[in-house]
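To start, the structure itself, in structure tokens.
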Amino acid sequence: MTEDNWQRSSFCSGGGNNCVEVAATDNGLALRESESPARVLTTSRSAFGILIRNVKAGTLRLPPS
């Protein structure tokens, strides 16, 4: 995967290193935080879609601290 494959969130503040980035892969999607680009999380497109739908709906809950 090249740097050209990664897309930043529209909420990225001024192109700094506080962004979520996503890239399409042959098997699904790759996600990373711009502060730690070497750490990559991979997931299926369907699982990512479920996450995004739940974020938009506000149905996710943080675990108790």
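Observations on the structure shown:
- Mean separation of Cα contacts under 8 Å, 6 or more apart, over the residue count of the chain: relative contact order %: 19 percent
- Options (i) 13.7, 40; (ii) 13.0, 38; (iii) 11.6, 35 - which one matches Rg and Dmax of the Cα atoms in Å as calculated here: (ii)
- Using alpha-carbon coordinates, inclination of helix 45-57 to the longest axis of the chain, degrees: 50 degrees
- Rolling a 1.4 Å probe over the protein heavy atoms gives the chain an accessible area of 81 Å² per residue.
- Helical runs (DSSP H, four residues minimum) scored at -39500 (n - 2.57) apiece and divided by the length of the chain put the mean residue ellipticity at 222 nm at -6500 deg cm²/dmol.
- Each peptide in 19-28, 34-43 gets a packing score, the mean of other Cβ atoms within 10 Å over its residues, and the list from highest to lowest is 19-28, 34-43.
The values are calculated or read from the model by the stated rules, or taken from the named source; none is laboratory data. Just so it is clear, the model here is predicted, and its values are computed rather than measured. Every residue, glycine as well, gets a Cβ built from its backbone with ideal geometry; the counts of neighbours run over all protein chains shown. These accessible areas exclude ligands, DNA and RNA; they are computed on the full protein's heavy atoms, side chains included. Shrake-Rupley method; radii C 1.70, N 1.55, O 1.52, S 1.80 Å.
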